[in-house]
Structure formats: structure tokens, C-alpha cells
Amino acid sequence: MFKKILIANRGEIATRVIWACRELGIRTVAIHSEADRDSLHVRFADEAICIGPAPSAKSYLNIPAVISAAEITNVDAIHPGYGFLAENAYFAEVCEACNIKFIGPAAATIQLMGDKAAARAAMKAAGVPITPGFDGVIEDEGEAARVAAGIGYPVIIKASAGGGGRGMRIVRDRDELLASLAAAQQEAQIAFGNPAVYIEKYIETARHIEIQILGDQYGNVVHLGERECSIQRRHQKLIEESPSPALTPELRHQMGELAVRACREIGYVNAGTMEFLLDHDNNFYFMEMNTRIQVEHPVTELVTNTDLVREQILVAAGEHLEFEQEDIVFSGHAIECRINAESPITHVPSPGLITAMNLPGGPGVRVDTAAYPGWFVPPHYDSLIAKLIVHHRTREMAIARMQRALEAYIVEGIETSVALHQRILAEPDFLAGNLSTRFMERFTKRTEPVDAGPQQVAQGAGE
Ligand code: MV4
């Protein structure tokens, strides 16, 4: 087992990894930027090293600085958390070259899944249903027109090096195609340094359902059910839950088994998530695979009574998974609200000093956070400051529990998204479990008829 782990991250996920390490008796090293000297992960780690100035490009994304910190402190392994370097295949390679275990899948797996067109082809070969489309990148305008006509409009153009919704273009008819293609390629070039795009059928008003996977180094792969993540705004998830109100036990079994089989086939090791779209007729289509621990992992932990970060560390250290598929028991319903330091109306970031704070507690309530009263929320990073997760026997009871927990979640000095969550949780469609990727679009149109306009986006660990 590892003796010492460096956590290459900040905020709530850094503290989350420290908790798992402490329970395993593993010493921890925090790294931090100059803006994060007073962060909680720095206080709770056994050692802490400042690795650079506030901008993440000069600190949390600075591979030589992170590796230097790992060498100086003589760690056995690095946990990357999510965001930052978590899905950087080159970083995983550098770790291995330095004889430091990267707590995640093999660099080659990260590389494969980072190329969304290649990931699609690999999953198709493994027997996973994918959206109707073209297996490869688009070479020219003529090919784009032929492919789109063959699939049938609407189609969606996606960046092959992208993911998470960045650089996507929905195209409703032939007249829009060439302009959208050029724009998507240009956006992909700027955002990812790679203009390659591919084209799929656009599935309207689908649900975003993802399957949690765990694999060890001995070919054992299990799934831990699904998370419904349909409530998103600008491709940032706001609320996640498990189980999905839409899945039957049969469909869960079918999707889970397919995901397990595919991951076994590609030799997937560590925690991973396969994202699917689920349409009205219960057809599901693979979209992409995330090769990291995800922000919303706690909802799975609560319904399966597991510790996914602990499992990540154990399998990276060469241990066998602690359970088999038959051992995983699904119990009750869990919901997560992402608490952001931002206006609940305009969504504009709201960094600054937290002057007072009360965290909810009581039965079935979990708060993953690195925020505390007196902490200054730095403006340089993602605005996620906490995750409020509840667990109860039924969805209805979990919603009531979330509502009372949100009432007790008091933060003064900065604005937070608590009030936004309260409004979403009061929506008849939410209460009925009528969710789709267009839920927030409709919610915003109805409740905020005036467009807030373009917004600044802070750099950070955001997924
Ligand atoms: C799609 C889709 C519909 N059809 N692909 C968004 C994140 C990334 N993983 C892929 N995403 C989507 N891909 C096809 N073929 C719908 C989404 C999607 C979405 C699209 C527009 C607005 C909000 C969305 C929220 C979730 C998923």
C-alpha cells in the first residue's frame, strides 16, 4: 500500500481525497497556489507545498511544478481529483516515468477516451450502442454534407478533442451546415489546438444518464448503477441523483452489464464513467467516457454504501476490488446540489469573504466542502464551493430532506446558488421526475425572461 500520496488539486475534492487517505493510514501532501494558502486542504494535509501563483496555468496545471513537489516530498502516488490534470494523458505518462503511481487509468486509456471520435469507435467495436453517425472525423465540406444528409437532420457537430459540451454545434438543416462546421472547427482549434470534428444524430430532449464503473488490475470490473445528470446549465451540472427516475431495474441491468463488458474488453482500470443519452423510447446511446472521479460521485457512494476514492487508491496500489457485482446493493435515493459561489439569478461568479456560514446536518445529509467562515473564495478558479448530498428511502423523501437542508445552508458575505436549487426543487417537472437536458433551458425561459447576457468564466478545476 502507498505510504504517501500527493493530491494534485484544490477545494472540496482535495479534502475529499485527504479523508480517504486518513482512513487508509496514508500520509498526504497538499499542493497549493499563492491564492490558496488559507485553504482547508492545506491545513488538513500532513505536508503542504506552494507550487506557484494564482492562475492555474502557473500552479495546478504546471506539470513540472507538480512533479517537483512530488519528488521533494517523496510520495508514492498522485491523486489528480477532477479537472486540472485529471484527464491529461501526458501527465499520467510523466508520473509513471518518474516512478510515481498516477491514481487513475493507464495513460493510453486516457488518451483513447480523450479522442471522442476514437472512443466512439472503440465502444461501437465493444458492442455498445452509439448515436447514429459517422465513425471518424470529417475531412471536408462535401463529406460533412453527405454524412449529415445520411444521418438526417438535426445533427450535432462535436469536437473530437473536446468533451463536456464544449465546441458543440446543433445543426437543424442543410443551410446551417457549412457555417456551423467552420465555426465548430475554429472553436475546436482555439479551445483544444485541434480542429477535428465528427457528426452525430442530435437526440432531442433526452436524459443524460451515466454509469459508474470500477475496475482493478486483474480484469475485475463492476458497475455501481447510474446517475441522472439532466439538470445542467451551459454544460455545468447543477443537480444529480441516483437512481434515475427513468430507469427500470431491467434497463439498469442492461446498461450496467454493457458498460462492464465494454470496460473489461478495453482493460479499464480504476474509476470511470460512461455517459449515455436516454431517449423517450428508452433507447440509450454512448456519448463519452470520463476517466476520472467525478464531482457527483457521492450520490453513487450513498446509494451503494461505498467509498469510491478509497477504491481508486486500493486498485491503483494493486489491490483487488473489495467487492464483486453481486455484493453491490442499491439502497434508497440520493440527490446532490452543487453549491456555487455565484448569483442564483444571473449566475455571475461571486468570489469574496465568507463572513458567516451554517452547514446543514442531521440524518442523511452530507456536505463535501472546503469552505469555512472567514475563508476568502478566490476569484481565480471554478465557482463550486460545496456539494450538498442527501440520502433517504424514496425520491420524495430525499427531495423533502434536500429542501430542509437547503433552508439550513446559510452563507453570508458572498452569493451562492442555494436559492436557485430551492426554486428548481419546487418545480412540478422536477418533483414528477420529468427531466431532460432541456430542463434548465425551459426553467430559465419561464423564470428569467431577460437574458443575463454574456458572462465571464473563471478558469479552474471545473469539469
Ligand atoms: C448530445 C446531445 C444530443 N444528441 N449528442 C453534452 C455534453 C456532452 N457529453 C455531449 N452532450 C450532448 N450530446 C447528441 N448526439 C445532447 C447533449 C447534451 C446537451 C446538449 C445541449 C444542451 C444541454 C445538454 C445537456 C446534456 C447533454
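Placing R0 at 22 angstrom, the Cβ-Cβ distance between GLU396 and ARG442 gives a FRET efficiency of 0.45 after rounding to 0.05. Fewest-first ordering of THR416, THR304 by other beta carbons within 10 Å of each residue's beta carbon gives THR304, THR416. Could you let me know the centre-to-centre spacing of region 279-304 and region 1-73, using Cα atoms, in angstrom? Rounded to whole Å, the Cα centres lie 27 Å apart. Taking every alpha-carbon pair under 8 Å whose residues sit at least 6 apart, region 154-227 reaches a relative contact order of 28 percent. Here is the P(r) of region 77-143: all C-alpha pair distances, binned every 10 Å from 0, give 19, 37, 26, 15, 2 in whole percents. Ordering CYS50, CYS263 by the number of other Cβ atoms within 10 Å of each residue's own Cβ, fewest first, gives CYS50, CYS263. The alpha-carbon positions of region 1-45 define a convex hull whose volume is 56 Å³ per residue. With coordinates expressed along the principal axes, the C-alpha atoms belonging to region 243-366 extend over 51, 41, 29 Å, beginning with the largest. Across region 227-277, the mean sequence separation of Cα contacts (distance under 8 Å, 6 or more residues apart), normalised by length, yields a relative contact order of 23 percent.
Restricting the calculation to Cα atoms, every distinct pair contributes to the Kirkwood radius of the chain, found to be 22.7 Å. Dimensions of region 36-123 from C-alpha coordinates, computed as largest minus smallest value along each principal axis and given longest first, are 45, 26, 21 Å.
Three principal axis extents describe the C-alpha atoms of region 339-460; from largest down they are 38, 37, 21 Å.
Across region 86-204 the C-alpha pair distances fall into 5 Å bins from zero in the proportions 2, 12, 20, 21, 17, 12, 7, 5, 3, 1, 0 percent. Highest mean first, the peptides 117-124, 274-281, 295-302 sorted by other C-beta atoms within 10 Å per residue fall in the order 295-302, 117-124, 274-281.
Ellipticity at 222 nm from helices only: DSSP H runs of n ≥ 4 in the chain, each -39500 (n - 2.57), divided by the residue count, give -10000 deg cm²/dmol. Is region 232-281 best put as rounded, prolate or oblate by its Cα gyration tensor, with a ≥ b ≥ c the root eigenvalues, rounded for a/c under 1.5, and otherwise prolate when a/b is larger than b/c, oblate when not? The shape class here is oblate.
Classify region 167-210 as rounded, prolate or oblate from the Cα gyration tensor: take a ≥ b ≥ c as the square roots of its eigenvalues, call it rounded if a/c is under 1.5, otherwise prolate when a/b beats b/c and oblate if not. Note, shape of region 167-210 comes out oblate. State log₁₀ I(q)/I(0) for region 153-268 at q = 0.09, 0.11, 0.22, 0.23 Å⁻¹ as given by the Debye formula over alpha-carbon point scatterers of equal weight, solvent excluded. So the normalised log intensities are -0.34, -0.51, -1.13, -1.15. Packing, as the average of other Cβ atoms within 10 Å across residues, places the peptides 428-436, 24-32 in the order 24-32, 428-436, highest first.
For the chain, the relative contact order works out to 15 percent when only alpha carbon pairs closer than 8 Å and six or more residues apart are counted.
Going from the fewest other Cβ atoms within 10 Å to the most, the residues TRP375, TRP19 appear in the order TRP19, TRP375. A straight line joining the Cα centroids of region 187-240 and region 332-382 runs 24 Å. With Cα atoms as the point set, region 293-359 shows a radius of gyration and Dmax of 17.4, 48 Å.
A simple charge model with +1 on the Cβ of Lys and Arg, -1 on the Cβ of Asp and Glu and nothing else charged puts the dipole of the chain at about 600 debye relative to its Cα centre.
Taken together, the values in this text are just the output of simple stated rules run on the coordinates, not laboratory data. Since we're looking at a predicted model, the values are computed, not measured. Quick reminder, even Gly has a Cβ in these numbers, built from the backbone with ideal geometry, and neighbours come from all protein chains shown.
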